[in-house]
Structures are given as C-alpha cells and as structure tokens.
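Please read the structure below before turning to the comments.
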Amino acid sequence: MRKAAHARLAVVAGLAALLALGSGVSVRALGGEAPGSGGAGAEDVTPAWDQVATIRGAAERLGQLHRAKGAKAAYDLIDACYRTHSLSSTYGEGYEICIVQDYLETRTLMKVYARMPPEMLEKLGVPSPQDLARGMTERIAHGFGQYGKSQAYADNLKKLVDQHGVPVFLALVFPEAADSIQGQQKSKPK
C-alpha cells in the first residue's frame, strides 16, 4: 500500500510540475472526472459567468496584493478563498477564483524558484518548485474532484488563465518582464 501511495505522489508531483510550467494535466489522473466518464457535458465547459472577466479580475486583485504585500499575503488570500468557497455544495465562480489565483501564484513562484539553486531556496526558507507543485496539485485536484469537473473543463480553464490571467498578473507583479514579453510577441511574424 505504501509503495502505491508513493508512486501516486510521484505521479501527482510530476503532473503538477507540468501544469505549472505550461503543459496539460489529467484531471482523471488526479481523481476527477474524465470526459465521457459520467461527468458533466457541454454545460460543464461553459459556466454561467463571464470566465474571462472573472479571470482578469482575479489576476488583477492577486497581482496588486502580491506586489504590495508579497507572496505570503497572496497565499493567505488563496487559503482563505478555498476555506470559504469549498463549503458550497456546487462549483461556482468564487471557487474558480481560488483555483485561478492558486495557479497564477504557484506557477509564477515555481518559475522564479526553478532558476535558483536549492541551497539558496533553503537559505531563504522557501519551498522547492516541486513542493509548490505538489501543494497546488492537491488543492486543485481536490476541487475538481469534489465538484466532478471534467478534463475538458480543466483544460479550458487553464487555457483561459494562460491567455487572459497570466498577462494581467505578470504586468502587475513583474512589469519589466511583462513589457519585455509583449515586445517579443509583437515582433514575431504572424
């Protein structure tokens, strides 16, 4: 039993790292619903709220908080968000904001910390990128599993956050880097 648990943890950590660094993650592998496995259908992919506006608003609020008070304050907000919205019997906009903000903060810190030597991370007392990935995966997998969200929903949400949330968040937290990225994208031939 222990070997199976350790193997699952290793798979989950690997999947989280892929998710946080820009690749897809399987909701099914994390304990959620897979397409065609009894989860919701098309209505699962398109929620009743304006996802893009919600994502941008969540990214803006988190970015402003992170810039003013740092990553700890951002994670305190995310923790309070999950504690509040996980009490609901249905998946809603509030819970999705928790996931969006968790993904934005964790993805960004993973990329920053991945550039630092492990000794420096230890000296600063910050978690490794793998530990960040593991924690985020557990939180997001729990939410998608709790509410039976499909792989299609997870994939669509990630795509929307990457497209609409990441630029807003980065522009607030790392404005110089965001300007550099925008300049590179404008100079690419289409």
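The values are calculated or read from the model by the stated rules, or taken from the named source; none is laboratory data. Please read all numbers here as calculations on a predicted model, not as lab measurements. With ideal geometry, Cβ positions are generated from the backbone for all residues, glycine too; neighbour counts draw on all protein chains shown. The protein model used for the area step is the full one, side chains on, heavy atoms only, and it has no ligands, DNA or RNA in it. Shrake-Rupley method; radii C 1.70, N 1.55, O 1.52, S 1.80 Å.
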Report summary line: Here the qualifying pairs (Cβ atoms under 8 Å; residues six or more apart or on different chains; first in the range 150-179 and of a type in the set (Lys, Arg) and in a helix (DSSP H, G or I); second open to solvent by less than 30 Å² (accessible area, probe 1.4 Å) and modelled with pLDDT of 95 or more) come out as LYS158/TYR103
**Report entry** Residue check, GLY14 within 14 Å of the chain's Cα centre (by Cα), modelled with pLDDT under 90, farther than 15 Å from TYR147 by Cα and not β-branched (Val, Ile, Thr)
**Finding:** no
Report summary line: Apart from one, (1) more than 23 Å from VAL52 (Cβ to Cβ); (2) hydrophobic (A, V, I, L, M, F, W, C); (3) modelled with pLDDT of 95 or more all hold for LEU124; the odd one out is (3)
Report task. Might you check whether a residue that is modelled with pLDDT of 95 or more, at negative phi and either open to solvent by 70 Å² or more (accessible area, probe 1.4 Å) or among the charged types (D, E, K, R) (or both) occurs anywhere in the range 168-185? Result -> no
Query - Selection within the range 78-102 - within 18 Å of GLU138 (Cβ to Cβ) and touching a helix residue (DSSP H, G or I) at 6+ places or on another chain (Cβ under 6 Å) - result: ILE78, CYS81, TYR82, HIS85, TYR95, CYS98, ILE99, VAL100, GLN101, ASP102
Query - When residues of the range 27-69 are limited to those that are out of contact with any helix residue (DSSP H, G or I) (no Cβ under 7 Å at 6 or more places or on another chain) and at pLDDT 95 or above, the one least open to solvent (accessible area, probe 1.4 Å) - result: GLY57
Query raised in the report: Within the range 77-105, how many residues are surrounded by 14 or more Cβ atoms within 10 Å (Cβ to Cβ) and assigned to a loop (DSSP other than H, G, I, E, B)?
Result: 3
Query - Test: residue in the range 80-97 that is of a type outside the set (Val, Ile, Thr), modelled with pLDDT of 50 or more, within 14 Å of the chain's Cα centre (by Cα) and closer than 21 Å to ALA152 by Cβ - result: yes
